[in-house]
Amino acid sequence: MSAQVQQRTMLVRVHAFIDANLADTALTPGLVAATHHISLRYLHRLFETGDTTVAAWIRHRRLEKCRQDLADPVLHAISVSAIGARWGLPDSAHFSRLFHRTYGLPPVEYRRSCLLPAAAAGVHG
């Protein structure tokens, strides 16, 4: 197996591990590297090919899961802060700032913009 194939295989494993452990607030690049029996330096090198860092990837995946949950009408009764905590972002102020910086709206407004059209359709439908 070529080095390139081994690196891609490892990156797929690392991505899967990160996605499976997003709720764990202890999920760090160090934990990811240790779990996969690779050096932190090698882990960072794997992510350089995607023009990102391990920490940025974890943050991106957490925010994307939060965004999906906030847009899901089935989860409308779950608070915004609970959704952030559910995906490893337990500090609601920090979560709100990250979300706003990434998606251009605070999470509460994002949720409202996603759920209001659905609610209006149900009322008038």
Treat every Asp and Glu Cβ in the chain as -1 and every Lys and Arg Cβ as +1, leave all other atoms uncharged, and give the resulting dipole magnitude about the Cα centre to the nearest 20 debye.
160 debye
Residues other than Thr102 with Cβ under 11 Å of its Cβ, Lys/Arg counted +1 and Asp/Glu -1, net out at +4
Rough spin-label spacing in nm, given labels placed 7 Å along Cα→Cβ, for His37 and Gln68
3.0 nm
To the nearest 10 square angstrom, what accessible area does His60 show with a 1.4 Å probe?
90 Å²
Just how far, in whole angstrom, is region 1-52 from region 69-85 if you go by their alpha carbon centroids?
28 Å
Net +/- balance of residues flanking Trp87 in space, Cβ distance below 12 Å, scoring K and R +1, D and E -1:
+2
Ranked by GNM mean-square fluctuation in the chain (Cα springs under 10 Å), the top entry among Arg41, Arg67, Arg111 is Arg41
Other residues with Cβ under 15 Å from the Cβ of Asp19 give, with Lys and Arg +1 and Asp and Glu -1, a net charge of +4
Projected onto the charge dipole of region 53-110 (+1 at Lys/Arg Cβ, -1 at Asp/Glu Cβ, origin at the Cα centre), which of Pro106, Leu63, Pro73 gives the Cα projection farthest towards the positive end?
Leu63
Looking at the chain as a GNM with Cα springs under 10 Å, which of Ala77, Ala93, Ala85 has the largest mean-square fluctuation?
Ala77
Towards the positive end of the charge dipole of the chain, with charges on Cβ (+1 Lys, Arg; -1 Asp, Glu), say which of His15, His94, His36 has the farthest Cα.
His36
How much area per residue is accessible in the chain when the probe is 1.4 Å and only protein heavy atoms are counted (Å²)?
59 Å²
Can you report the principal axis dimensions of the chain using only the alpha carbons, biggest first, rounded to whole angstrom?
59, 29, 22
Which helices of the chain meet both criteria: a Cα extent of 15 Å or more along the helical axis and a mean Kyte-Doolittle score no lower than -0.5, with helices taken as whole DSSP H segments?
3-20, 107-124
Would you mind telling me the share, in percent, of accessible area of the chain contributed by carbon and sulfur at probe 1.4 angstrom?
58 percent
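The values are calculated or read from the model by the stated rules, or taken from the named source; none is laboratory data. Computed from a predicted model, the values in this text were never measured in an experiment. Cβ sites come from the backbone with ideal geometry, for glycine too, and all protein chains shown count toward neighbours. Just so you know, the surface numbers come from the protein's heavy atoms only, side chains and all, with ligands and any DNA or RNA stripped out. Shrake-Rupley method; radii C 1.70, N 1.55, O 1.52, S 1.80 Å.
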